[in-house]
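Asker: I'd like to ask some things about the structure below.
The values are calculated or read from the model by the stated rules, or taken from the named source; none is laboratory data. What you see is a predicted model; the values in this text were computed from it and never measured. Methodologically, a virtual Cβ is constructed for each residue, glycine included, from the backbone with ideal geometry; neighbour enumeration extends over all protein chains shown.
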Amino acid sequence: MDILIAPLNQSQCDDVAALEEICFGRDAWPREEFTELLETYRESPNFRGQIWVALQEPNRELVGYAALEVSSLGEAELTNLAVAPPSRQQGVGRLLTTFVVNVCQERGVSLLWLRVRKSNIQAVKFYETCEFTVRGEFRDYYEDPSEDALILARELTSGI
């Protein structure tokens, strides 16, 4: 599978929001969240984050995306990672995660963290294979159904 990773643009927000709905259901971000984040990231004088899409060549079909938010504390949150169901188990999630880790290292981020539903054992195992470790829990983070989030993190070394 030949995959291109590129920054999300406004014209792709409908497709990303549709994938978000498929992957996260009631927890999905609305389309407006993506457009507002793009605007915020574009207007910021410093790198605050980015959303990247994974496009399968040669047709540039959306097969996944990743969203990153960077704090001024030298930390970053992988806020969302989604892979289209037909493209799962083909390395797309790992490719996106590795890409985000590399961006963080290039920018001197020392800690990358994320939240995942406690019951999402498959996701937890995936992130553990990407060198993330469980650091704690966020009680009642998710709604409908109410569920705790596990907080996973990965220490990073600077690529600078």
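Asker: Being in a strand (DSSP E or B) and over 14 Å from the mean Cα position of the chain (by Cα) narrows it down to one residue among Leu55, Leu78, Leu112, Leu68; which is it?
Answerer: Step by step, each of Leu55, Leu78, Leu112, Leu68 is checked, and only Leu55 is in a strand (DSSP E or B) and over 14 Å from the mean Cα position of the chain (by Cα).
Asker: At pLDDT below 95, of a type outside the set (A, V, I, L, M) and either closer than 30 Å to Gln10 by Cβ or in contact with a Pro (Cβ under 9 Å, 6 or more places away or on another chain) (or both), is that true of Gly93? Lay out the reasoning, then the answer.
Answerer: On the way: at pLDDT below 95: no; of a type outside the set (A, V, I, L, M): yes; either closer than 30 Å to Gln10 by Cβ or in contact with a Pro (Cβ under 9 Å, 6 or more places away or on another chain) (or both): yes.
The answer is no for Gly93.
Asker: So how many residues does segment 70-85 have that are touching a strand residue (DSSP E or B) at 6+ places or on another chain (Cβ under 8 Å) and more than 14 Å from Leu8 (Cα to Cα)?
Answerer: Looking only at segment 70-85, we keep the residues that are touching a strand residue (DSSP E or B) at 6+ places or on another chain (Cβ under 8 Å), and these are 70-71, 74-84.
In the following step, the residues that additionally are more than 14 Å from Leu8 (Cα to Cα) were identified as 70-71, 74-79, 83-84.
So the answer is 10.
Asker: Do the conditions hold for Phe126, that is, is it closer than 23 Å to Asp148 by Cβ, of a type in the set (Phe, Trp, Tyr), in contact with a Gly (Cβ under 7 Å, 6 or more places away or on another chain) and at pLDDT 95 or above?
Answerer: yes
Asker: Return the residues of segment 86-123 that are closer than 22 Å to Arg139 by Cα, in contact with a strand residue (DSSP E or B) (Cβ under 8 Å, 6 or more places away or on another chain) and surrounded by 15 or more Cβ atoms within 10 Å (Cβ to Cβ); say none if nothing qualifies.
Answerer: Of all residues in segment 86-123, those closer than 22 Å to Arg139 by Cα come to 111-123.
So of that shortlist, the ones also in contact with a strand residue (DSSP E or B) (Cβ under 8 Å, 6 or more places away or on another chain) come out as 111-119, 123.
Passing the criteria: Leu111, Leu112, Trp113, Leu114, Arg115, Val116, Arg117, Lys118, Ala123.
Asker: Something else now. Out of all the residues in segment 115-136, which are touching a helix residue (DSSP H, G or I) at 6+ places or on another chain (Cβ under 7 Å) and outside any strand (DSSP E or B)? If you could, list the steps in order and put the result at the bottom.
Answerer: So the first thing to find is which residues in segment 115-136 are touching a helix residue (DSSP H, G or I) at 6+ places or on another chain (Cβ under 7 Å), and the list is 116, 126, 130.
Residues satisfying the conditions are Phe126, Cys130.
Yes/no matrix, rows are residues, columns are (1) more than 19 Å from Gly25 (Cα to Cα); (2) in contact (Cβ under 8 Å) with a residue 40 or more places away in the chain; (3) among the aromatic types (Phe, Trp, Tyr):
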position	(1), (2), (3)
Thr97	yes, no, no
Val101	yes, yes, no
Asp140	no, no, no
Pro145	no, no, no
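Asker: Also, I was wondering about something else. Filter segment 74-83 down to the residues that are closer than 19 Å to Glu21 by Cβ and buried (at least 19 other Cβ atoms within 10 Å of the Cβ) and list them by number. Write out each step before concluding.
Answerer: So the first thing to find is which residues in segment 74-83 are closer than 19 Å to Glu21 by Cβ, and the list is 79-83.
Listed by number, the residues that qualify are Asn80, Leu81, Ala82, Val83.
Conditions tested, residue by residue: (1) assigned to a loop (DSSP other than H, G, I, E, B); (2) buried (at least 18 other Cβ atoms within 10 Å of the Cβ); (3) modelled with pLDDT of 95 or more.
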| site | (1), (2), (3) |
| --- | --- |
| Ile22 | no, no, yes |
| Arg26 | no, no, no |
| Leu38 | no, yes, no |
| Tyr41 | no, yes, no |
| Ile51 | no, yes, yes |
| Gly64 | no, yes, yes |
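Asker: Return yes or no: is Leu55 surrounded by fewer than 19 Cβ atoms within 10 Å (Cβ to Cβ), at pLDDT 95 or above and more than 29 Å from Asp144 (Cα to Cα)?
Answerer: Values: surrounded by fewer than 19 Cβ atoms within 10 Å (Cβ to Cβ): no; at pLDDT 95 or above: yes; more than 29 Å from Asp144 (Cα to Cα): yes.
No, not satisfied.
Asker: Here's another thing I want to ask about it. Select from segment 1-19 the residues that are among the polar types (S, T, N, Q) and assigned to a helix (DSSP H, G or I) and write down the one among them that is farthest from Glu69 (Cα to Cα).
Answerer: Quick first cut of segment 1-19, residues among the polar types (S, T, N, Q) only: 9-12.
Still in the list and also assigned to a helix (DSSP H, G or I): 10-12.
Values: Gln10: 18, Ser11: 21, Gln12: 19 Å.
Per the stated criteria, the residue is Ser11.
Asker: Here is a further query. So Arg139 passes all but one of these: (1) part of a loop (DSSP other than H, G, I, E, B); (2) farther than 23 Å from Ile3 by Cβ. Which condition number does it fail?
Answerer: Of (1) part of a loop (DSSP other than H, G, I, E, B); (2) farther than 23 Å from Ile3 by Cβ, only one is false for Arg139: (1).
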